[in-house]
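These notes are about the structure you will find just below.
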Amino acid sequence: MSDSDESALDASIIVVGGGPAGLSAALFTQKNGLETTVFDADETWMHKAHLFNYLGIGSVGGSEFMATARQQVDDFGVDRRQGEEVTSVEEAGDGFVVETEEDSYEADYVILATGANRDIAEELGCAFTDEEVVDVDVDMETSVDGVYATGAMVRPEEWQAAIAVGDGAAAALNILSTEKGEYYHDFDVPDDAARVFGEHVAE
Ligand SMILES: Cc1cc2nc3c(=O)[nH]c(=O)nc-3n(C[C@H](O)[C@H](O)[C@H](O)COP(=O)(O)OP(=O)(O)OC[C@H]3O[C@@H](n4cnc5c(N)ncnc54)[C@H](O)[C@@H]3O)c2cc1C
């Protein structure tokens, strides 16, 4: 089972945006023991898409894909706040204060996954590239410590769901490695599936 079984992690994560990038990040962080909240205004481009190019899935409607993804993160216990838009993110001490239309929340890390909208990253002071997308490294870290950026906001038009999902996973694993103090592997094996799903596991 994943490394998190060996010792508890107590950092909290706020994900801004619940498209493929944001939900992927949330899946990895919550599944591995980090308390994770996702705010999503539900304007994902996936509602306009039909995927034939997502490896491992022959054909799926974008909204159908999102419904499965939402169920998956919900099953792992993500606090998914659908329809609650984030209005600002500010640094506060070692963490962040996130304001929404409804309330104020605190987190140790913020993962931005706001699609092609880069306003919050700009307001936070994240560096941008010459092509005016958020500048990140391969772990999706921005220039602001503790802030990650994922998905469409970090690429000038090379936009695909599979890439967004990978970005979210990379950001989450980097946070997990940081918190753990060593490289983190979210590796499960067939016995884990049998334990979690019992007789429902496919042969
Ligand atoms: C017509 C069309 C067809 C496409 N077809 C394909 C295809 O066949 N295959 C493929 O791989 N990709 C396709 N795509 C691209 C794919 O949809 C995107 O690559 C993918 O959705 C990007 O994921 P993301 O998570 O970065 O952003 P998004 O999916 O755009 O999600 C961002 C989310 O963040 C939310 N958000 C933004 N700001 C805030 C805020 N302040 N507070 C809270 N929430 C916020 C938005 O409401 C949205 O729900 C298509 C796109 C379009 C438009």
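Taken together, the values in this text are just the output of simple stated rules run on the coordinates, not laboratory data. As the structure is a computational prediction, the values presented were derived from the model and not from experiment. Positions of Cβ are generated from backbone atoms using ideal geometry, with glycine treated the same way; all protein chains shown enter the neighbour counts.
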Q: Convert 25 °C to kelvin, take the viscosity as 0.890 mPa s, use the Kirkwood radius over C-alpha pairs of the chain as Rh, and evaluate the Stokes-Einstein diffusion coefficient in µm²/s, rounded to a whole number.
A: 142
Q. Residue by residue through the range 155-164, which ³J(HN,Hα) values in whole Hz follow from phi under the Karplus form 6.51 cos²θ - 1.76 cosθ + 1.60 (θ = phi - 60°), with glycine and proline marked x?
A. 9, x, 5, 7, 9, 9, 4, 5, 5, 4
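Is it possible to state the helix-based mean residue ellipticity at 222 nm for the chain, with each DSSP H run of 4+ residues giving -39500 (n - 2.57), the sum divided by total residues, to the nearest 500 deg cm²/dmol? What is it? Please report the intermediate quantities before stating the final value.
Details: 5 runs with 60 residues, N = 203.
Calculated from helices alone, the mean residue ellipticity at 222 nm is -9000 deg cm²/dmol.
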Q: List the residues whose amide H sits under 5 Å from the amide H of Gly18, counting only those 5 or more places along or on another chain, with H placed 1.01 Å from N in the peptide plane.
A: Ala41, Asp42
Q. With N residues in the range 102-200, what two-decimal value do you get for its Cα radius of gyration over 2.2 N^0.38 Å?
A. 1.28
Q) For the range 12-58, what are the per-bin percents of Cα-Cα distances with bins 5 Å wide, up to the bin holding the maximum? A) 5, 20, 23, 19, 16, 13, 4, 0
Q) Along the range 81-97, what does the Karplus equation 6.51 cos²θ - 1.76 cosθ + 1.60 (θ = phi - 60°) give for ³J(HN,Hα), rounded to whole Hz, x for Gly and Pro? A) 9, 6, x, 9, 8, 7, 9, 7, 10, 10, 6, 8, x, 7, x, 9, 10
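Within the chain, what's the longest run with no chymotrypsin sites (Phe, Trp or Tyr not before Pro) in a DSSP loop and at most 11 other beta-carbon atoms within 10 Å? Give the range, please.
Details: sites that count: Phe52, Tyr183, Phe187.
Looking at the chain, 53-182 is the longest stretch - no exposed chymotrypsin sites (Phe, Trp or Tyr not before Pro) with at most 11 other Cβ atoms within 10 Å.
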Q | Candidates Asn117, Asn174, Asn32, ranked by Gaussian network fluctuation over the chain, Cα under 10 Å, top entry | A | Asn117
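Return the percentage of antiparallel bridges among DSSP beta bridges fully within the chain, rounded to the nearest 5 %.
Working: 14 of 30 bridges.
Roughly 45 percent of the beta bridges in the chain run antiparallel, per DSSP.
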Q.
Restricting to Cα pairs below 8 Å that are 6+ residues apart, what does the relative contact order work out to for the range 11-200? Please round to a whole percent.
A. 24
(Q) Please report the spacing between the Cα centers of the range 80-149 and the range 53-72 in Å, no decimals. (A) 25
